[in-house]
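Q: Here you go, one structure.
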Amino acid sequence: MKQEAPTSISGGSMSLMQVFLLPLTTSALFSRSTDPVKDSLVVYQQGEEDEGIAFLRLDGMILDIGSGPIPAPGYQHQRFLRELEIAFSNPEFQAVVLYVNSPGGGIYESDEIYQTIESLKAEYNKPFVVYMGRLAASGGYYVSAPADWIVANRNTITGSIGVVISSLNVAELLERYGIKDQTIASGENKTILSPFQELKPEQRAIIQSIVDESYGYFVDVVAEGRSMDTEQVLEVADGRIYSGRQAMEEGLVDEIGMLETAFSVAAERAGVNNPTIYAFRQQQWTLIDRLLSMSPSFDFSRDILRHDAEGPRPMYLWEW
């Protein structure tokens, strides 16, 4: 299908300036509400009014960095969960297409998306198609696995099925400069993975058990989503990455194509011929928002790093 410029609710193509200046607009399917996510639906591609397909994007690292005075740029976890709910629950949408461009992220957030998709699929029974963009690795693949059909670009980087917990050890560096750690804890494992202490073998076993458990969940998700035996998944789930074509050869994706391919598959599975594609408009940032985001008081990058105040955490993340 040919992609058209976004249109206003009254029809007709809008200029680039109009698109930029247009406030969040409710599509013809909804009356004005107090839900900013629902009100952000716009026509991405015009077709028959009674043949709707919802189009969502998952762009960036999958982390819930919370909310503050200004929404963080990039991926917003709670907003995305709300978009999923709207896409599946609205009866005017006959299918859902998800564009994934992500290296993965937190195991909690990735699994929350997966569980949400599984629940919504069971409740609303709509075709769910994933298109993989430049990158759909680790957690990006985890959230794609429950799709009814996965389309990847031949140059997509995907796979990286596995878990990682990153930590630094600067104990020798501190000793070199005469700096000593004086942390007081209730037990020797309370400060496990502290950068100021060596990791003992028994502590490594504790962390490895958590990694293994999360890895087992990942393997189960892939096995169920791709209708593969566990042994088959284990053969391809050693953390390596695959190109889109390699992933198709291993049974991890269904088809090589473009975004239009995913729309066509969704339309065919939904039994519609000329669907209108409805997309969620991404939040517009004003100049003031961008200036405020540069202030040290609004450090959005802190949560992107795994060595922040929350400490090391298990991640479904492709580390490059």
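Q: Take the alpha-carbon centre of the range 211-251, take the same for the range 153-190, and report the distance between them in whole Å.
A: If you average the Cα positions of each part, the centres end up 26 Å apart.
Q: To the nearest 20 Debye, how big is the dipole of the range 221-264 about its Cα centre, given +1 on the beta carbon of each Lys and Arg and -1 on that of each Asp and Glu? Could you put the intermediate results ahead of the total?
A: Working: 3 positive and 10 negative charges, 34 e Å.
The calculated dipole for the range 221-264 is roughly 160 debye.
Q: Using amide H atoms built in the peptide plane, which far-off residues or other-chain residues are under 5 Å from Tyr75 H to H?
A: Met61
Q: Please compute, for the alpha-carbon atoms of the range 67-139, the extent along each of the three principal axes and give them in descending order in Å.
A: 33, 29, 20
Q: Near Ala137, within a Cβ-to-Cβ distance under 12 Å, what is the net charge of the other residues, with Lys and Arg +1 and Asp and Glu -1?
A: Local net charge: +1.
Q: Okay, next question. In nm, give the distance between the simple-model label positions of Asp220 and Met258, each being 7 Å from the Cα along the Cα-to-Cβ direction.
A: 4.0 nm
Q: Excluding Val236 itself, calculate the net charge of residues whose Cβ lies under 12 Å from the Cβ of Val236, where each Lys or Arg counts +1 and each Asp or Glu counts -1. Before the final figure, lay out the partial values.
A: Numbers: positive: Arg226, Arg240; negative: Asp229, Glu231, Glu235, Asp238, Glu249, Glu250.
Every neighbour counted, the sum reads -4.
Q: Continuing with this model, one more query. In the range 132-193, what chymotrypsin sites (Phe, Trp or Tyr not before Pro) fall in a loop by DSSP, with at most 13 other Cβ atoms inside 10 Å? The partial results should precede the final answer.
A: Details: sites: Tyr141, Tyr142, Trp149, Tyr177; in loops: Tyr177.
Filter output for the range 132-193: Tyr177.
Q: Also: Check each of the GluC sites (Glu not before Pro) in the range 123-210 and keep only those in coil by DSSP with at most 12 other C-beta atoms within 10 angstrom; list them in order.
A: Values: sites: Glu123, Glu172, Glu175, Glu188, Glu198, Glu202; in loops: Glu188, Glu198.
Passing sites in the range 123-210 are Glu188, Glu198.
Q: I've got another one for you. Beta carbons within 10 angstrom, averaged per residue: use that to sort the peptides 99-110, 207-218, 53-64, 37-48, highest first.
A: Numbers: 99-110: 23.9, 207-218: 15.2, 53-64: 21.8, 37-48: 20.1.
Taking the mean over residues of other Cβ atoms within 10 Å, the ranking is 99-110, 53-64, 37-48, 207-218.
Computed from the coordinates by the stated procedures, all read-outs in this text should not be read as laboratory data. Fair warning: this is a prediction, and the values are worked out from it, not measured in the lab. Every residue, glycine as well, gets a Cβ built from its backbone with ideal geometry; the counts of neighbours run over all protein chains shown.
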